[in-house]
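Have a look at the structure below, then the notes.
The values are calculated or read from the model by the stated rules, or taken from the named source; none is laboratory data. Computed from a predicted structure; not experimentally measured. Every residue, glycine among them, receives a Cβ derived from its backbone with ideal geometry; neighbour counts consider all protein chains shown. These area figures cover heavy atoms from the full protein model, side chains too; ligands, DNA and RNA do not enter into them. Shrake-Rupley method; radii C 1.70, N 1.55, O 1.52, S 1.80 Å.
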Amino acid sequence: MAYETIIVAIEDHVATITLNRPDALNALSQKLLKELAQAMEEADASDKVRCIVLTGSEKAFAAGADITEMADQSFVDIYTSAFFEPETTRFNRTRKPIIAAVSGYALGGGCELAMMCDFIIASDTAKFGQPEINLGVIAGIGGTQRLTRFVGKSKAMDMNLTGRMMDAEEAERSGLVSRVVPANKLLQEAKDAASKIAEKSLLASMAAKDAVNRSYETTLAEGLNYERRMFQALFATEDQKEGMAAFREKREANFRDR
Ligand code: CO8
């Protein structure tokens, strides 16, 4: 499908989705979020895709929700239209792994979008923040919830109350991002990580994603139980037989997602 605000490229089982509103630092317009949700749905359904990379430009992953679109909306408008809700819900239903490759600004909804991905690889120029407080509002798609789980209460309060930005080094130290790389290596690093994931059994990577996400939604005992059941269930797959046979035969596994 042809999109106006994002670019989708599929290569070697990795779909790279690039946010593409350079004049507005990739601000998340309603159109962009709709297109992104649609692209995620297509990537999830496509046999050609086994992992997804979401990225922006060198200057901005995304500088937040589009302020010009929101400025004149009333409570009734935002509430009755369920602003951003169907799109973010669809995004969060994606079952294949998603890596955020973040360079430059990831602010407000941009930071929240990066946190909706499964992990974040940041360039050394990345800047994360929840500056909604400066606009007289607060975060609306995870900035008070996911950020708190990632970096803890004190830093999440700091970010949400002062609106200050966190650089890549602080973001890595705080557990918000999994690795930091030089800006000119960011996309390659993210694609290499995605290719590594794409080599695994999709059944196992989807189960791993599901089980890790479960840890945010349940108690430790329930989570461990869920993990154990998923582990047991994977013994019903051909990929488990292939993976363990390949180890014993000292060769590469050839997973077929069965
Ligand atoms: N929305 C719309 N346009 C934007 C946005 C934005 N969030 N950010 C930047 N732009 C535009 C600018 O208006 C400018 O356009 P123009 O050239 O036409 O004037 C262009 O992008 C370039 O921006 P700047 O000239 O400002 O570039 P600078 O390098 O000087 O500054 C900054 C970069 C610091 C990133 C600055 O642009 C900025 O502060 N942007 C706004 C950041 C922000 O406040 N983000 C939070 C937005 S609110 C939000 O995200 C809420 C999400 C929750 C939704 C919940 C739904 C339920």
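Structure notes:
- Per-peptide average of other Cβ atoms within 10 Å, ordering 246-254, 36-44 highest first: 36-44, 246-254
- The chain - percent relative contact order, Cα under 8 Å, separation 6 or more: 16
- A 1.4 Å probe run over segment 201-249, with the rest of the protein chains in place, finds 70 Å² accessible per residue.
- Rounded to the nearest 20 debye, dipole of segment 42-149 from Cβ charges on Lys, Arg, Asp, Glu: 520
- Dipole magnitude (debye, nearest 20) for segment 6-198, charges at Cβ of Lys, Arg, Asp, Glu: 500
- Computed over segment 36-151: relative contact order in percent, which uses C-alpha pairs under 8 Å that are six or more apart: 29
- Pairwise label distance in nanometres, PHE235 with SER195, each label 7 Å out on the Cα-Cβ vector: 3.5
- Charged neighbours of SER57, selected by a Cβ distance under 12 Å, balance to 0 (K, R count +1; D, E count -1).
- Toward the positive end of the charge dipole of segment 6-198, with +1 on the Cβ of Lys and Arg and -1 on the Cβ of Asp and Glu, the farthest Cα among GLY64, VAL76, VAL102 is that of VAL102.
- Percent of Cα pairs exceeding the 19 Å cut-off, where the set is segment 201-249: 31
- DSSP-defined beta bridges in the chain - what % are antiparallel, rounded to 5: 30
- Which listed pairs, of LYS34/LYS196; LYS31/LYS196; LYS96/LYS200; LYS196/LYS250; LYS31/LYS191, have C-alpha distances above 21 Å, in listed order: LYS34/LYS196; LYS31/LYS196; LYS31/LYS191
- Solvent-accessible area per residue, Å², over segment 1-140 with all protein chains present [probe radius 1.4 Å]: 46
- Magnitude of the charge dipole, segment 201-249, Cβ model with Lys/Arg +1 and Asp/Glu -1, debye to 20: 100
- Only protein heavy atoms count here; under a 1.4 Å probe, ARG258 has an accessible surface of about 130 Å².
- A full extension of the chain between GLU222 and GLU42 corresponds to an added length of 61.6 nm, given 0.36 nm per residue minus the alpha carbon distance.
- Within segment 134-258, the ratio Rg/Rh, alpha carbon atoms throughout and Rh by Kirkwood, equals 1.08.
- A 1.4 Å probe over all protein chains sorts TYR3, TYR105 by accessible area into TYR105, TYR3, starting with the largest.
- Shown is the FRET efficiency for ASP158 and ASP124, computed with R0 = 35 Å from the Cβ-Cβ distance and rounded to the nearest 0.05: 0.95.
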